[in-house]
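First up is the structure itself, then whatever we jot down about it.
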Amino acid sequence: MPATVRLRALNGTPLQDPATRRTVEASARSLADREGVKLLALEIAPDGITITLDAERIVGLGFLAELRRSTNTWYEQKYRDGPLWGTPAPGTEWE
């Protein structure tokens, strides 16, 4: 069963910025490749990213945690702002 996971921006719409959008997308694709997880779908909105993986839910959650960690670190260092991703209300981060 595919796992669909989502990250939402803590504030505003940072993925409207082309450089931020490209970096987040490249990070997700690179992580999937490194971990040997098949990326079934990747949707980027101005305020977040939704990823569907050909993996169990627990793998999707681990993937999401690593993507969040790495892109938050990049964003905070590059823009001296952050974090990029917030913690949504319970039940709204993952489907």
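Details
- The numbered conditions (1) under 18 Å from residue 2 (Cα atoms); (2) of a type in the set (Gly, Ala, Ser); (3) over 12 Å from the mean Cα position of the chain (by Cα) are all true for residue 82 except (1).
- Any hit, the range 80-90, residues being of a type in the set (Ser, Thr, Tyr), open to solvent by 30 Å² or more (accessible area, probe 1.4 Å) and either touching a helix residue (DSSP H, G or I) at 6+ places or on another chain (Cβ under 9 Å) or assigned to a helix (DSSP H, G or I) (or both): no
- One residue alone among 51, 58 is open to solvent by 40 Å² or more (accessible area, probe 1.4 Å) and of a type in the set (A, V, I, L, M, F, W, C), and that residue is 58.
- Failed criterion for residue 4 (all others in (1) hydroxyl-bearing (Ser, Thr, Tyr); (2) in contact (Cβ under 8 Å) with a residue 40 or more places away in the chain; (3) out of contact with any strand residue (DSSP E or B) (no Cβ under 6 Å at 6 or more places or on another chain) hold): (3)
The values are calculated or read from the model by the stated rules, or taken from the named source; none is laboratory data. This one's a predicted model, so the numbers in the text were calculated from it and none came from an experiment. Using ideal geometry, Cβ is built from the backbone for each residue, glycine included, and neighbour counts are taken over all protein chains shown. To get the accessible areas, we keep the full protein, side chains included, count just its heavy atoms, and leave off ligands, DNA and RNA. Shrake-Rupley method; radii C 1.70, N 1.55, O 1.52, S 1.80 Å.
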